Amino acid sequence: MTKEQKATLLNAAYRFLRRKLSLFMIACMLGISNVIMEEDRMVNDTRAKIEHQEIQSEDD
């Protein structure tokens, strides 16, 4: 293996790892932001809670 091939291989491996790390960090940040948004909705939700009841017919 020549010096150029080694450098190219190292460069490709570096780009691959950097891309995977970036995707992992983006996924973590999205997950954290979704949790924070859901907690904020639970705490500050002022809409009336409506329960839906299923009406069963007496023919059963």
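The values are calculated or read from the model by the stated rules, or taken from the named source; none is laboratory data. Just so it is clear, the structure is predicted and the values come from calculations on it, not from any experiment. Don't worry about glycine lacking a Cβ; one is built from the backbone with ideal geometry, like all the others, and counts go over all protein chains shown. Ligands, DNA and RNA are excluded from the accessible area calculation, which covers all protein heavy atoms including side chains. Shrake-Rupley method; radii C 1.70, N 1.55, O 1.52, S 1.80 Å.
Say a site is exposed when it is one of the trypsin sites (Lys or Arg not before Pro), sits in a DSSP loop, and has at most 13 other Cβ atoms within 10 Å; what is then the longest site-free stretch of the chain?
Result, exposed sites excluded: 1-46.
Mind pulling the angle between the C-alpha long axis of helix 3-44 and the longest principal axis of the chain? Nearest 10 degrees, somewhere in 0 to 90.
Between helix and principal axis, roughly 20 degrees.
How would ILE36, ILE55, ILE26 rank on accessible area, largest to smallest, probe 1.4 Å?
If we order ILE36, ILE55, ILE26 from most to least accessible, we get ILE55, ILE36, ILE26.
Out of region 1-56, which GluC sites (Glu not before Pro) are coil in DSSP terms and have no more than 11 other C-beta atoms within 10 Å?
GLU51, GLU54
Roughly speaking, to the nearest percent, how much of region 1-58's 1.4 Å accessible area is carbon and sulfur?
Carbon and sulfur atoms account for 61 percent of the accessible area of region 1-58.
If you take the Cα atoms of the chain, find Rg, then find the Kirkwood Rh from the mean of 1/r over all pairs, what is Rg/Rh?
Dividing the radius of gyration by the Kirkwood radius yields 1.54.
Run the helix sum for the chain: -39,500 (n - 2.57) per DSSP H stretch of 4+ residues, divided by residue count, reported at 222 nm to the nearest 500 deg cm²/dmol.
Working: 1 runs with 42 residues, N = 60.
Per the formula, -26000 deg cm²/dmol.
So, with +1 on the Cβ of K and R and -1 on the Cβ of D and E, and no other charges, what is the size of the charge dipole of the chain about its Cα centre, to the nearest 20 debye?
1380
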